[in-house]
Structure formats: C-alpha cells, structure tokens
Amino acid sequence: MAGTATGTVSRHQGAPAQVRAAVVEDDPSILHAVRLMLEAEGYVVDAYPDGAAAYEGFGRHPPDIALIDLVMPGMDGMELVRRTRSAWDFPIIMVTGRDDEIDEALGLRLGADDYVHKPFAQRLLLERMRANLRRARRHGTPPPAAAPAAEPAAEMIRGILCMDAERHLVTWRGEPVSLTVTEFQLLAALARRPGVVKSRDQLMDVAYDDNIYVDDRTIDSHIKRLRKKLRGVDPDFSAIETLYGIGYRYTSPPETPGQI
C-alpha cells in the first residue's frame with residue numbers, strides 16, 4: 001500500500017470473539033502496523049505480503065473479513081478480489097492510495113464490498129470493518145413482520161426467484177446464483193415488493209448503514225454486477241429495471257410451466 005494509517009485507537013469496542021481478519025499488503029511496515037492494530041482489538045490476523053500468498057492462504061484459513069491493497073506486484077488487488085469472489089463470500093474492503101473513480105468502480109464490480117482511501121484514520125478503518133461484519137451477521141436474520149405471512153421467515157419466493165437468507169442461497173429458474181452479502185441484500189430489498197420503485201438512497205440504506213457514506217455510483221456498480229450474475233444463468237434476465245433519475249424496481253417475470 002502506498003500510504004500510512006493515521007490517528008490512534010482506544011480499545012473501546014473490540015472485535016467479536018475469534019473473528020479472523022486477513023490483511024494483504026506488500027509494504028512490510030504497513031502490514032506490520034495494521035496487524036498490530038487489529039490484534040490489539042481482538043482480531044485473529046493473517047498477514048499476507050502479496051495476492052498469490054493471500055489466495056493460497058484463504059484456501060487454508062478463510063477469513064471473516066479481508067483488507068486488500070489495490071496496488072501490489074504480481075497478483076494485484078483487483079485480480080485477488082476477482083478470484084476470491086469465485087470461491088468465498090466474506091466481506092472485502094479494498095485499501096488504496098489512489099483517488100481514481102474508475103479503479104473504485106471496477107473494484108466494486110469485481111466484488112469488493114467497501115473502499116478505504118489512504119492515508120486513513122485507524123478508527124475509521126475499524127468502524128468500516130465492524131459495519132461490514134455486522135451486515136454479514138445480520139444477513140441471516142428473518143425478514144421484518146411486514147413480509148407475507150404465507151412465506152417461511154427465512155425464505156422468499158417470487159415466481160422463478162427463490163432466496164433463502166439462512167443458507168445464503170439464491171436460485172433463478174432452479175439454477176443456483178452465487179451472490180455476495182451486499183448483492184443478496186439489494187436483490188432481497190427489490191424483490192420483497194415487486195413493482196415498487198426503490199431509490200438509490202433507499203438501497204444505500206439497505207447495503208451501507210451505520211453512517212457509511214457511498215455515492216450513487218456504488219449502488220449502480222452493485223446492480224450491474226448483480227444483473228451480470230443473473231444473466232450468467234439466464235441470458236434473458238430483465239427483472240431488475242432502471243428508472244433513470246429515480247431508482248430501480250423488480251418486476252416478476254412470467255413463471256415457466258412446471259416450475260415453482
């Protein structure tokens with residue numbers, strides 16, 4: 001990483017017990033500093049000096065959350081995120097010294113859940129980590145009481161779309177679709193009330209709570225990646241509609257005869 005952390009941290013909240021964090025950073029001094037900071041907060045830390053080592057390490061010890069530097073020799077952060085998302089769904093925070101919207105949009109499109117720009121305050125990084133971990137933990141909770149009573153609490157069926165929050169499973173026309181936590185939350189928010197428009201602000205509240213600021217392009221990038229994954233199992237997928245200047249809505253497609 002081409003920068004350093006700034007600020008100090010007091011141990012006031014700490015990490016949940018046995019949370020494993022992976023830190024991928026090619027600068028030894030920054031890698032060491034971030035590792036010490038996280039260990040002081042109660043995290044179990046796996047430190048990796050490059051993308052190739054990290055990808056191999058994820059196979060041995062999948063983390064609960066990963067901090068991945070963007071610029072590294074060999075396998076860079078973008079490639080590591082792409083490969084990681086093909087196998088695991090844990091939250092990924094990209095850390096970069098660049099101020100480049102194209103890089104940020106690409107990172108989100110490939111599967112990153114959040115971004116932190118260097119130099120960063122240690123407290124900010126810790127709170128971003130906690131927020132992403134909270135979203136991942138809450139992901140398996142039942143939907144609110146307003147959901148149709150006929151559906152099981154953890155399962156939502158919208159014609160040829162089936163979503164099971166407890167198992168983090170999504171199927172479309174009976175075919176499984178692998179989604180990140182953020183993508184799952186956005187799809188569930190849209191599909192819960194077919195035909196109802198969700199503004200970008202409303203979707204940001206779903207995906208990025210706890211006072212984390214993101215702009216409209218972040219939601220657009222997630223939606224684009226979500227559509228791409230669904231079109232991977234159904235090239236004709238068009239159930240997520242864009243209403244320019246307003247937001248997005250989910251429109252249930254006609255059911256295929258014989259399918260639930």
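Computed quantities for the displayed model
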{"item": "Cα point-scatterer Debye curve for the stretch 20-138, base-10 log of I(q)/I(0) at q = 0.10, 0.11, 0.20, 0.21 Å⁻¹", "result": "-0.25, -0.30, -1.13, -1.27"}
{"item": "Peptide ranges 106-117, 45-56 listed from the most packed, as the mean C-beta count within 10 angstrom indicates", "result": "106-117, 45-56"}
{"item": "Net +/- balance of residues flanking Glu25 in space, Cβ distance below 10 Å, scoring K and R +1, D and E -1", "result": "-3"}
{"item": "Spatially proximal lysines relative to Lys198 (Cα-Cα < 17 Å; intrachain offsets below 8 disregarded)", "result": "Lys224"}
{"item": "Computed over the stretch 155-250: relative contact order in percent, which uses C-alpha pairs under 8 Å that are six or more apart", "result": "28"}
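Throughout, read-outs are computed from the coordinates displayed, never taken from laboratory work. Computed from a predicted model, the values in this text were never measured in an experiment. Ideal geometry is used to build each Cβ from the backbone, glycine not excepted, and the neighbour counts take in all protein chains shown.
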